[in-house]
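Engineer: Below is the structure I would like to discuss, written out as structure tokens.
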Amino acid sequence: MEQCSISEFPAQEGKTVTIKGWVANRRSSGKVSFLIIRDGSGICQGVVTKQDLGDVYNEVKKLPLESSVIATGTVVQETKAPGGYEMQIQALDIVHKADEFPIGKKEHGPDFLLSHRHLWVRSARQAAILRVRDALIRNIREYFYNNGFTLVDTPIFTTTYGEDSTNLFSVDYFDLGKVYLAQTGQLYLEATLPALGKVYCLGPTFRAELSKTRRHLTEFWMAEAEVAFCDHKENLALQEDFVSYIVQKTIKEKASELVYLERDTMQLEKTTPPFHRISYDEAISLLRKKGSDIQWGADLGGDDETIITKLFDKPVFIENYPKKTKAFYMKQDPDRPECVLCADLLAPEGYGEIIGGSQREDNYDVLLNTIKDNQLDPDRYKWYLDLRQYGSVPHSGFGLGIERCVAWICGLKHVREAIPFPRMIYRAYP
RNA sequence: UCCCCGGUAGCUCAAUUGGUAGAGCGGGUGGCUGUUAACCACUAGGUCGGGGGUUCGAGUCCCUCCCGGGGAGCCA
């Protein structure tokens, strides 16, 4: 008997085939039962009758949800079936009769679902999100590949602080004492620039922030790019081209998943260059006009970002923040030493910051002073400072948060659904 | 770390001014040959998060601890 995927049903109409999968749902009506079977490629309504199966029917009728089965039957067109095809099952082999599945057909609370994440991923909604994530990551890699970037896998164990020393996870590392889980791959990307020109990395990053919000995870994935001989303006042009490409391609490829997620893609389709650009100064005066009492020099809070994004129908860059609010490696604005050449990219519809980027400080003395001003140990950064001693060039880069981007594309309320197994301050299981 | 909200059946929730703990789903049993979270009938199922206190009487009020959730700061 020919084995096939459920997704191949349209080409198998009238034929007798075998499918292998799990019972996603079951309904019965006396002597006929409907088994909804999921095989990873799609879902299929299997029709079983006492007439066809004989004694096995009584067991099938009571088969627990999520039991694994091998079903053989004829593929027929049926408008009432999901997908337009169903299988008239002639033989059903029960591979494993499941225990009562904890996740029912009705709603559950977040605590229960997160504690059963290993089973929750089977739900159609979660599977759809994970497929969108897969497509997004594939398209990110494709964009970089198409545009001459080289992948550089940066280390997870590090001895330098990427962003801020207070948010590091430390690990005992043999005789070397403490090392830290990487907060960013950026510094290492910078080191490979003179070798490779345009580079990127895509991997997990770790931040021990005591954050309990819908936008934070302690372990999250980030795509970071770094380009030599690239200034701040060119960096923004790259980012808007990059984001437009990955969003457009992903919503096109995963249209059916987004329909299932009830995501209205009207706004997403507007993600095309150029994006809006406002300066930090303009952002402050905008917020003050809206009634905020924010002072120049303060970082923008979540509420402030929401107010700003609501004024625009596509992503917006906020440029040139005060130097003291940003990381040590950002390049001082030659015209305004109190500011740095950087930009955050805010996604619309309240999704907030999805990219942080900047031109990097390429002057040895300025960088050394900033490292000292930030109470960082220059000895630990010797290798990073070296990069400004041997052919320093203007260069820029950015980092895109994968989960925030998935949440934006899918219209999720919380980033915890955007990663297969979320890690949060009070949750590392399963 | 701080602020707010919550913890009652396997799950989601209800229980009026403090007065003998309830529903839906899920489970079990039975019925139904075209169901769409199928439906109908019956049925089992509880140390009301833990501890202490007030009271004739506490799921309900007070104290304390534990565990979650949302937000702030910080960030992607």
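The values are calculated or read from the model by the stated rules, or taken from the named source; none is laboratory data. Predicted, not measured: the structure shown is a model, and the values here were computed from it. Cβ coordinates were reconstructed from backbone atoms using ideal geometry, including for glycine residues, and neighbour counts include every protein chain displayed.
Engineer: Cβ contacts < 9 Å: first residue near RNA strand B (Cβ under 8 Å from one of its atoms), restricted to region A:90-110; second residue in a strand (DSSP E or B) and modelled with pLDDT of 85 or more, any location; separation 6+ or different chain. Result?
Structural biologist: A:Lys105/A:Asn25
Engineer: (1) within 11 Å of RNA strand B (Cβ to nearest atom); (2) of a type outside the set (Phe, Trp, Tyr); (3) at pLDDT 95 or above: which one isn't true of A:Arg423, the others all being true?
Structural biologist: With (1) within 11 Å of RNA strand B (Cβ to nearest atom); (2) of a type outside the set (Phe, Trp, Tyr); (3) at pLDDT 95 or above applied to A:Arg423, the lone miss is (3).
Engineer: Follow-up question, since we're still on this one. Taking the conditions exactly as written (farther than 24 Å from A:Ala208 by Cα, in contact with a Cys (Cβ under 9 Å, 6 or more places away or on another chain), in the same structural domain as A:Phe328 (by TED's automatic domain parsing) and touching a residue at least 40 places away in the same chain (Cβ under 8 Å)), does A:Leu136 satisfy them or not?
Structural biologist: Considered against the rule, which asks whether it is farther than 24 Å from A:Ala208 by Cα, in contact with a Cys (Cβ under 9 Å, 6 or more places away or on another chain), in the same structural domain as A:Phe328 (by TED's automatic domain parsing) and touching a residue at least 40 places away in the same chain (Cβ under 8 Å), A:Leu136 comes out as yes.
Engineer: Name the residues in region A:5-45 that are near RNA strand B (Cβ under 10 Å from one of its atoms) and either of a type in the set (Gly, Ala, Ser) or not assigned by TED's automatic domain parsing to the domain that holds A:Val76 (or both), would you?
Structural biologist: Correct list: A:Ala24, A:Ser28, A:Ser29, A:Gly30, A:Ser33.
Engineer: Among the residues of region A:328-338 satisfying the criterion of being crowded, with 19+ Cβ neighbours inside 10 Å and not in a loop (DSSP other than H, G, I, E, B), which is nearest to RNA strand B (Cβ to nearest atom)?
Structural biologist: Among those that are crowded, with 19+ Cβ neighbours inside 10 Å and not in a loop (DSSP other than H, G, I, E, B), it is A:Met330.
Engineer: Since A:Lys31 meets every condition but one in (1) exposed (fewer than 15 other Cβ atoms within 10 Å of the Cβ); (2) within 24 Å of A:Ala127 (Cα to Cα); (3) touching a helix residue (DSSP H, G or I) at 6+ places or on another chain (Cβ under 7 Å), which condition does it not meet?
Structural biologist: Condition (2) is where A:Lys31 drops out.
Engineer: Name the residues in region A:207-220 that are assigned to a strand (DSSP E or B) and either crowded, with 20+ Cβ neighbours inside 10 Å or within 6 Å of RNA strand B (Cβ to nearest atom) (or both), would you?
Structural biologist: Selection gives A:Phe220 alone.
Engineer: Taking region A:283-327, which residues are within 12 Å of RNA strand B (Cβ to nearest atom), aliphatic (A, V, I, L, M) and either assigned to a loop (DSSP other than H, G, I, E, B) or outside the structural domain of A:Gly397 (by TED's automatic domain parsing) (or both)?
Structural biologist: Passing the criteria: A:Ile294, A:Ala298, A:Leu300, A:Ala327.
Engineer: Restricting to region A:163-204, count the residues that are of a type in the set (Ser, Thr, Tyr) and over 30 Å from A:Glu142 (Cα atoms).
Structural biologist: Qualifying residue count, region A:163-204: 5.
Engineer: Go through region A:38-66 and give me each residue that's part of a strand (DSSP E or B), touching a residue at least 40 places away in the same chain (Cβ under 8 Å) and not small (Gly, Ala, Ser).
Structural biologist: Once the filter is applied, which keeps residues that are part of a strand (DSSP E or B), touching a residue at least 40 places away in the same chain (Cβ under 8 Å) and not small (Gly, Ala, Ser), region A:38-66 yields A:Arg38, A:Ile43, A:Cys44, A:Gln45, A:Val47, A:Val48.
Engineer: How many of the residues making up region A:221-274 are free of Cβ contacts under 8 Å to residues at least 24 places away in the same chain, in contact with a helix residue (DSSP H, G or I) (Cβ under 8 Å, 6 or more places away or on another chain) and not in a loop (DSSP other than H, G, I, E, B)?
Structural biologist: Of the residues in that region, 1 qualify.
Engineer: Also, quick follow-up: Residue under question is A:Ala255, and the condition is that it be hydrophobic (A, V, I, L, M, F, W, C), closer than 29 Å to A:Tyr143 by Cβ, modelled with pLDDT of 90 or more and surrounded by fewer than 15 Cβ atoms within 10 Å (Cβ to Cβ); does it hold?
Structural biologist: So A:Ala255 passes the test.
Engineer: Name the residues in region A:66-86 that are within 7 Å of RNA strand B (Cβ to nearest atom) and within 15 Å of A:Asp39 (Cα to Cα), would you?
Structural biologist: Passing the criteria: A:Pro82, A:Glu86.
Engineer: Pick out the one residue from A:Leu63, A:Leu168 that is over 30 Å from A:Ala223 (Cβ atoms), more than 8 Å from RNA strand B (Cβ to nearest atom) and crowded, with 16+ Cβ neighbours inside 10 Å.
Structural biologist: The conditions single out A:Leu63.
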